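In what follows, a single structure is set out as structure tokens and then discussed.
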Amino acid sequence: MHSKTVDVHLITPVSTDPRADLLCLPEHERVRAARFQFKEDAAHWIACRAALRRILGKHIGLKPIRVPIMLTEFGKPVLSDGLDHIDFSLSHCDDLALLA
């Protein structure tokens, strides 16, 4: 039997620094964020994605911008580059997000 630990992180996107958040995102994610119709939705997505990258990066020892995130065929973010044994889930709503 394998034991796994679960870390849970509460993210409050409105309390982050938007300029610092953008520095965590690779170009393709910045392009994706620019496609949002409403600035508030883009800011929320950027803050959540930056938090995801910061938390995962700390866990695997990489800078946030270097965390190898790819999307499944259903659009779910997962880790690549041999890190697929690390499972995570990000859920967000209104002014909060939760990463487990």
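The values are calculated or read from the model by the stated rules, or taken from the named source; none is laboratory data. All of these numbers come straight from a predicted model, not from anything done at the bench. Using ideal geometry, Cβ is built from the backbone for each residue, glycine included, and neighbour counts are taken over all protein chains shown. We work out accessible area using only protein heavy atoms, side chains counted, and drop any ligands, DNA or RNA first. Shrake-Rupley method; radii C 1.70, N 1.55, O 1.52, S 1.80 Å.
Take D7 and decide whether it is surrounded by fewer than 14 Cβ atoms within 10 Å (Cβ to Cβ) and at positive phi.
Here the answer is no, as D7 does not meet what is asked.
Answer with yes or no whether D95 is open to solvent by 70 Å² or more (accessible area, probe 1.4 Å) and more than 20 Å from S15 (Cβ to Cβ).
In short, no.
Out of the residues in the stretch 32-54 meeting the condition of being under 16 Å from M70 (Cα atoms) and open to solvent by 70 Å² or more (accessible area, probe 1.4 Å), tell me which one is farthest from the chain's Cα centre (by Cα).
Taking the candidates together, the pick is R32.
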